[in-house]
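Report on the structure given below.
The values are calculated or read from the model by the stated rules, or taken from the named source; none is laboratory data. Quick caveat: nothing in here was measured; it's all calculated off a predicted structure. Heads up, the Cβs are rebuilt from the backbone with ideal geometry, glycines too, and the neighbour counts pull from every protein chain shown. The protein model used for the area step is the full one, side chains on, heavy atoms only, and it has no ligands, DNA or RNA in it. Shrake-Rupley method; radii C 1.70, N 1.55, O 1.52, S 1.80 Å.
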Amino acid sequence: MATYAIGDIQGCFTSFRRLLDRITFNAEKDELWLVGDIVNRGPRSLATVRLIKSLGDSVHLVLGNHDLFFLAVAEGIATLRSKDTIHDILAADDRPDLIDWLRRQPLHHRTGSFFMVHAGLLPQWTIEEAARLAREVETVLAGADYRSFLKALFHDPASQWSPSLNGLERLVSITRVLTRLRTCTPTGEMSNFSGPPEEAPSGFIPWFRIPGRRNTDRTIITGHWAALGLQLEPTHLAIDSGCVWGRQLTAVRLDDRAVFQVDYADGPRHD
């Protein structure tokens, strides 16, 4: 049995299949940890979601910002943009089942010494606190009032995190951290920066570089930051290697941190 963490797939179905072949993945004995953003910007989101769903309990998926965007578009809450490539899922006969399955996926996954989220954790959050906050959002997203949450997530101002936040404002702030964080200040103020770390705004630091952060007792697995690229450190595995941008799709075997990669294989990109 082996456990593999795989970076942002984003509808790059052919690349994903080649990576599964590269690691000789066996759903009967191996596990896949998928770091989110399984859809959008690549050409075959529908095939990607169907394959992941078909793998059942061998997959542990956390939601990314593109996955949440798809849910919002499907509910008429957000509007498609020119670069979005989720039309195939929106037109699928099994769209209702795929939506129901996707919104019941978590924002975090923890086993042993590993903790996986899509983007990152604020430096003041412990692992236990991050898990508790993620569960607050997961409960609402899987519940009957999930549309109100998605509407707030995509239309309300995003507040910086504070423990005093409540209601939808609190849920939106938690989700912003877990699915969009790249750089922040030592006090946890987030930026919207998405470029290379060396170009970050003054005072903002990659979240995993903040001195004294309170979540170093687990190895945190993240994607989301293609401009950062693959980085393997003792307490952080950053595994978005920019497949959808024409680079590589990466799997890290968690047992020994061996790296497996395939080149982008999904044809002309939609930039």
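Using only the alpha carbons of the stretch 211-271, determine the length spanned along each of the three principal axes and report them from longest to shortest in whole angstroms.
Result for the stretch 211-271: principal-axis Cα extents of 43, 25, 10 Å.
If you roll a 1.4 angstrom probe over the protein chains with everything in place, what fraction of the accessible area of the stretch 117-271 belongs to carbon and sulfur, to the nearest %?
Its accessible area is 49 percent carbon and sulfur atoms.
Once you charge only the Cβ atoms, +1 for Lys and Arg and -1 for Asp and Glu, what is the size of the charge dipole of the chain about its Cα centre, to the nearest 20 debye?
220
Working only with C-alpha atoms, what are the Rg and Dmax values of the stretch 94-167, expressed in angstrom?
Just the Cα atoms of the stretch 94-167 yield Rg and Dmax of 13.8, 41 Å.
Would you mind checking which residues have amide H under 5 Å from THR250's amide H? H placed 1.01 Å from N; only 5 or more apart, or other chain.
Sorted by chain and number, the residues that satisfy this are GLY7, SER241.
Using the Cα centre of the stretch 120-228 as the reference point, and only Cβ charges (+1 on K/R, -1 on D/E), how large is the resulting charge dipole? Debye, rounded to the nearest 20.
Result for the stretch 120-228 is approximately 100 debye, rounded to the nearest 20.
Explain nothing, just compute: Karplus ³J(HN,Hα) = 6.51 cos²θ - 1.76 cosθ + 1.60, θ = phi - 60°, for every residue of the stretch 113-124 in order, whole Hz, x for Gly and Pro.
Coupling constants for the stretch 113-124: 8, 10, 9, 10, 9, 5, 10, x, 10, 5, x, 7 Hz.
Tell me which residues come under 5 Å, amide H to amide H, from ILE221 once H is placed; ignore anything under 5 positions away on its chain.
For ILE221, the qualifying residues are PHE115, MET116, VAL117, LEU237.
Using unit Cβ charges (K, R positive; D, E negative) and no other charged atoms, how large, in debye to the nearest 20, is the dipole of the stretch 170-228 about its Cα centre?
I would put it at about 280 debye.
What does the chain give for Rg and for Dmax, in Å, if only its C-alpha atoms count?
17.3, 50
Taking every pair of alpha-carbon atoms in the stretch 1-62, give the share separated by more than 19 Å as a whole percent.
19
Where the convex hull is taken over the Cα atoms of the stretch 130-231, what is its projected area averaged over directions, in nm²?
7.2
Would you mind counting up the charge near THR235? Only other residues with Cβ under 13 Å from its Cβ, with Lys and Arg at +1 and Asp and Glu at -1.
+3
At a probe radius of 1.4 Å, what is the per-residue accessible area of SER148, in Å² to the nearest 10?
Probe radius 1.4 Å; accessible area of SER148 about 50 Å².
Within 10 Å, count the other beta carbons around each residue, average over each peptide in 88-98, 206-216, 159-169, 221-231, and list them highest first.
221-231, 206-216, 88-98, 159-169
Please find the FRET efficiency linking LEU232 to ASP145, where r is the Cβ-Cβ separation and R0 is fixed at 45 Å, and quote it to the nearest 0.05.
0.70
Name the residue farthest towards the positive end of the dipole of the stretch 133-271 from the options GLY223, ALA200, PRO157, assuming +1 on Cβ of Lys and Arg, -1 on Cβ of Asp and Glu, about the Cα centre.
The residue sitting most towards the positive pole is PRO157.
Can you classify the stretch 26-151 as rounded, prolate or oblate using the Cα gyration tensor, where a ≥ b ≥ c are the square roots of its eigenvalues, rounded means a/c under 1.5, and otherwise it's prolate if a/b beats b/c and oblate if not?
In terms of gyration-tensor shape, oblate.
Give the ranking of VAL259, VAL59 by solvent-accessible surface, highest area first, calculated with a 1.4 Å probe.
Descending accessible area places them as VAL259, VAL59.
So, in Å, what gap is there between the alpha-carbon centers of the stretch 75-121 and the stretch 1-70?
11
Probe radius 1.4 Å, ligands and nucleic acids left out: which of ARG176, ARG132 has the largest accessible area, and how do the rest follow?
ARG132, ARG176
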